[in-house]
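Reviewing the structure listed below.
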């Protein structure tokens, strides 16, 4: 049997890789479009490594989904993927089993198998949005339908800023890239990316610093809540904003220690941007038994 | 083999029962003291049902503990149990395997085995304090050392009222009996039990109603956070304050629905005050394999 193909569909970029024994043997990355582009990339990586067909394909996507049916449900952020029957389409095209899961849960599997390999941890993507995956006793906590881990939608302040999800004061609305950028628009009167706000805060701009401090305190509070509720060995962070961890990390950790009863351990994933791709490739081995078809 | 003995050590009352196939065949309940009283009660229930010795004993306690060693650690609220080697002492006395776990986690096991029997749920004790247990995929989420489920120590408001744990704004400090009673002392200038505050709120007392509404909103927020993070099938509540669920429930549910993206399902445990005792009796079957001694 060949290795597996991992597909990590992101809000902006899609990564596809041929993976065997935790090594990415060939890869493609491109701006997220639809399933046709994913099929092309799978064919390309298979040709590169000389596989006739993959042993299995694992797909992580940032969207509500029917895990049992392998289908992406209504997803305004990913119009090309709305209603796509991912496992059927890729299964027909590549004649192998295909598994579909949430992207942050896939990343948590990447951490479980190839990262810190802790048995009890929460993985958090800190990026444009905030997602997560929970691992307890060495197993993914999938939840009733596989949607568990939505740490970005913890409401921390019921009167807080509006979230894309329709609620107010979600962790994501305060601490994620979208939240930081919106705060900059509203309070600084400028259209800035989260990265630009962080860079200004670094240079001592008071307005930007206030926004970044607030984001870090919210992230701390979210981390501390997970720490108390799940007693993990550690919290693992990944995602674009962790690129500024030298600046953001000390703020997050300083606040977190006052919000949990025991010292919080936070680490960045050693897998960097590959955590989701490696996790998607490991998904076939970790997909819940009762949701496997056939 | 005989059935098992369950021991549910509460902050105020201890319950001991001889249990077989989910039925409590004999029971004792008495004000919480030390291990001598527990041994007496175990002997009494065994005599009543005619067992020579129990198949196993499960003990739930509201204290920090070393689960592997079966020992209760420093516990200011339960001075008689400070440092007691529970599994060794009861094992020596009754010549059977003994298992020790957190009381709210034990109650969650009661719910898993004898209550709603959901595979994905969070059990919350809403009482003098607030504790909890998480079940994911039909298995208890124990956490790194068995202390997971401390839902009462989620910080909801970092500037909120002081908690017994030393932090501020924990769910417990706002919504539990201790929090309600403290708010009454501070805001109404009276020493009232939580039940008395709830009764006054029921009769329309504005000050008491404000305190109860705040407690219910905090409980809603905590429930909604668990709902988003763990995607359970339902949240199960037990504990003394659920005795006023006819009054408190509508408040909790009304607020929760605005704080989670999908409708929250909350149910009271059908096991009532026996949930902890039944769970302790089922603990021997659900104790984590890697922490079993010998």
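Each reported figure results from applying straightforward, stated rules to the coordinates on display, with no laboratory input. None of these values were measured; they are calculated from a predicted model. Here Cβ is always computed from backbone atoms with ideal geometry, including for glycine, and neighbour counts include all displayed protein chains.
For segment A:150-214 and segment A:19-49, write down the distance between their C-alpha centroids in whole Å.
Measuring centre to centre over Cα atoms gives 34 Å.
For segment B:117-268, max minus min Cα coordinate along each principal axis, in Å, sorted largest first?
46, 31, 24
Using a 7 Å offset from the Cα along the Cα-to-Cβ direction at both residue B:196 and residue A:77, what is the distance between the two label points in nm, to one decimal?
Distance between label points: 5.1 nm.
What nm distances, shortest first, do you get from the label point of residue A:199 to those in the other copies when the point sits 7 angstrom along Cα to Cβ?
Copy-to-copy label distances at residue A:199, shortest first: 6.5 nm.
Multiply the residue gap between residue A:145 and residue A:262 by 0.36 nm, knock off their C-alpha separation, and tell me the result in nm, one decimal place.
Once the chain is fully extended between residue A:145 and residue A:262, it gains 38.9 nm.
With viscosity set to 0.890 mPa s and temperature to 25 °C, compute the Stokes-Einstein D of the protein assembly as shown, Rh being the Kirkwood radius across alpha carbon pairs; µm²/s, no decimals.
Translational D for this selection: 98 µm²/s.
For segment A:47-149, what does the convex hull of the Cα positions come to per residue, in cubic angstrom?
Value for segment A:47-149: 128 Å³ per residue.
Evaluated at 10 °C with a viscosity of 1.306 mPa s, what Stokes-Einstein diffusion coefficient in µm²/s does chain A have when Rh comes from the Kirkwood expression over alpha-carbon pairs?
Answer from the Stokes-Einstein relation: 82 µm²/s.
Roughly how many whole Å is it from the C-alpha centroid of segment B:57-74 to that of segment A:114-141?
Distance between centres, Cα-based: 28 Å.
Given R₀ = 51 Å, FRET efficiency for residue B:292-residue B:187 by Cβ-Cβ distance, to 0.05?
Calculated transfer efficiency: 0.55.
Taking the 0 to 90 degree range and rounding to the nearest ten, how far is the long axis of helix A:245-257 tilted relative to the main principal axis of chain A, both from C-alpha atoms?
70
Can you give me the angle between helix B:275-286 and the longest principal axis of chain B, using Cα atoms only, in degrees from 0 to 90, rounded to the nearest 10?
Taking Cα atoms only, the helix is inclined about 50 degrees.
By what distance, in whole Å, do the Cα atoms of segment A:204-280 stretch along each of the three principal axes, largest value first?
40, 29, 15
Give, in whole angstrom and from largest to smallest, the semi-axes √(5λ) of the equivalent ellipsoid of segment A:154-221, with λ running over the eigenvalues of the Cα gyration tensor.
Semi-axes from the Cα gyration tensor: 20, 12, 9 Å.
What are the distances, in nm and sorted shortest first, from the label point of residue B:249 to the label points of the same position in each other copy, with each label point placed 7 Å from Cα along the Cα-to-Cβ direction?
Result for residue B:249, in nm, nearest copy first: 4.9.
If you put a point 7 Å past Cα along the Cβ direction, how far is that point for residue A:88 from the same point in each other copy, in nm, smallest first?
Here the equivalent label points are 6.3 nm apart from this one.
If you line up the long axis of helix B:35-49 against the longest principal axis of chain B, both from Cα atoms, how many degrees apart are they, to the nearest 10?
Approximately 70 degrees, to the nearest ten.
Which value in deg cm²/dmol, rounded to the nearest 500, describes the helix-derived mean residue ellipticity at 222 nm for the protein assembly as shown, given -39,500 (n - 2.57) per DSSP H run of n ≥ 4 and division by the residue count?
-11500 deg cm²/dmol
Calculate, in whole percent, how much of the Cα-Cα pair population of segment B:19-79 lies beyond 17 Å.
Value for segment B:19-79 (Cα pairs over 17 Å): 49 percent.
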